[in-house]
Amino acid sequence: MDRSRKDEHTPFVRRYRPEDRPAIVNIIKSIYDDYNYTMDFEQFDHDLADIEETYQDAGGEFWVVDDGGEVSGAIGVLPLDGETCELKRLYVDKGKRGRGLGSTLIKTVISWARDKGYPGVVLWSDVLFENAHHLYSKHGFEASEETRAIDPMNPTSVERFFKLRTRPL
């Protein structure tokens, strides 16, 4: 077996590039479609209209899973204050799930938070995204009872709050 060929197709996490945007939007839209949600780049999904400005230029970061030249997943992180950053936009292509890509993306954010000195990472996740909630819990995030409904285009969407301490107080 030619191992160099196999290694070419090993998925890896890399920094977002502008040409990744259409694939990211397609992955998220396919998941929204499963829940009869509509994308709204004017309000709720405005961060996806300009990922570089929203994340990278604002002191955060955005990564994708590059799987043989195709984007198979994405995740972002934004600073909230000196103590906390927010994990955002964890999505993995439905056909690529079960391969550890979501875990790799979460570990990327946690590592980034530790490197930047953030003792806490928080996130909001739609209450219907139960598989994601299991993944967050697996990586030490704790779900709270706090919820919010902030998506005017999709009023049935309700998000639950999760938090993680990246280091002791």
Output the residue which, of all residues in the stretch 29-69 that are modelled with pLDDT of 95 or more, part of a strand (DSSP E or B) and of a type outside the set (A, V, I, L, M, F, W, C), is nearest to the chain's Cα centre (by Cα). 61
Do we find that residue 138 is modelled with pLDDT of 95 or more and surrounded by fewer than 16 Cβ atoms within 10 Å (Cβ to Cβ) in this structure? yes
If residue 83 satisfies every condition in (1) touching a residue at least 60 places away in the same chain (Cβ under 8 Å); (2) in contact with a strand residue (DSSP E or B) (Cβ under 8 Å, 6 or more places away or on another chain) but one, which is the exception? (1)
Filter the stretch 141-152 for residues that are surrounded by 14 or more Cβ atoms within 10 Å (Cβ to Cβ) and not small (Gly, Ala, Ser); the one that is nearest to residue 76 (Cα to Cα) is 141
Within the stretch 84-132, track down each residue that is among the β-branched types (Val, Ile, Thr) and within 17 Å of residue 30 (Cβ to Cβ). 92
Restricting to the stretch 93-118, give me the number of residues that are in contact with a Ser or Thr (Cβ under 8 Å, 6 or more places away or on another chain), within 17 Å of residue 61 (Cα to Cα) and outside any helix (DSSP H, G or I). 1
Give the residues of the stretch 119-135 that are assigned to a strand (DSSP E or B) and of a type in the set (S, T, N, Q), sorted by residue number. 125
Please determine whether any residue of the stretch 117-133 is surrounded by fewer than 19 Cβ atoms within 10 Å (Cβ to Cβ) and within 15 Å of residue 15 (Cβ to Cβ). no
Taking the options 21, 99, 14, name whichever one is in contact (Cβ under 8 Å) with a residue 60 or more places away in the chain and among the basic types (Lys, Arg). 99
Please verify whether the stretch 118-136 includes one or more residues that are under 19 Å from residue 76 (Cα atoms) and over 17 Å from the mean Cα position of the chain (by Cα). yes
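The values are calculated or read from the model by the stated rules, or taken from the named source; none is laboratory data. Since we're looking at a predicted model, the values are computed, not measured. Heads up, the Cβs are rebuilt from the backbone with ideal geometry, glycines too, and the neighbour counts pull from every protein chain shown.
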